[in-house]
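Student: Take this structure first; my questions come after.
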Amino acid sequence: MIRGVRGAITIQENKEEEIIASTKRLLNEMIQANRISPESVASVFISVTDDVTAAFPAKAMREIEGWTYVPVMCMKEISVSTGIKLCIRVMMHVNTEVAQTEIEHVYLEEAVLLRPDLKK
């Protein structure tokens with residue numbers, strides 16, 4: 001069965017180094033919290049708010065050993081006036097037998113405001 005594993009993080013500045021480092025931190029936390037191997041991942045979508053333009057956050061995944069062949073796509077988040085700024089979101093589609101209620105979604109920095117009900 002394929003399950004979605006969600007995550008999000010905010011950055012302080014629209015700089016390439018920060019985008020890559022923050023995305024890598026988020027991905028690593030999602031991977032560790034859910035014991036995800038690259039072979040179990042069908043695809044990964046990464047969205048960014050309009051103010052994140054200095055780099056493709058997907059580049060961070062390419063820096064994680066063993067994740068070179070995982071399909072990843074970057075896209076723009078819907079621009080909502082009340083939305084969180086400087087935000088990077090990840091949706092990882094994972095083949096797993098883990099129940100949906102047991103998936104650990106990861107929200108870091110100001111992104112915890114997106115889903116405070118999922119904070120563990």
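Read-outs: derived from the displayed coordinates by stated rules, not from any lab. Quick caveat: nothing in here was measured; it's all calculated off a predicted structure. Cβ: placed from backbone, ideal geometry, glycine included. Neighbour counts: every protein chain shown.
Student: Taking springs between alpha-carbon atoms closer than 10 angstrom, which of GLU29, GLU102, GLU17 fluctuates most in the Gaussian network model of the chain?
Tutor: Taking springs between Cα atoms under 10 Å, the residue moving most is GLU102.
Student: Which of ILE103, ILE31, ILE78 moves most in a GNM of the chain, Cα contacts under 10 Å?
Tutor: ILE78
Student: Report the full-extension gain for the segment VAL98 to MET1: residue separation times 0.36 nm, less the Cα-Cα distance, to one decimal in nm.
Tutor: Roughly 34.0 nm would be gained on extension.
Student: DSSP beta bridges in the chain, what fraction antiparallel, as a percent rounded to 5?
Tutor: Rounded to the nearest five, the antiparallel share is 65 percent.
Student: To the nearest 10 degrees, how steep is helix 16-34 against the longest Cα principal axis of the chain, on a 0 to 90 scale?
Tutor: 30
Student: Using the 10 angstrom Cβ neighbour count as an exposure proxy, how do LEU108, LEU113 rank, fewest first?
Tutor: LEU113, LEU108
Student: Starting from the amide H of CYS74, placed 1.01 Å from N in the peptide plane, find each other amide H under 5 Å away whose residue is 5 or more places distant or on another chain.
Tutor: Here the answer is ILE46, since their amide H atoms fall under 5 Å of that of CYS74.
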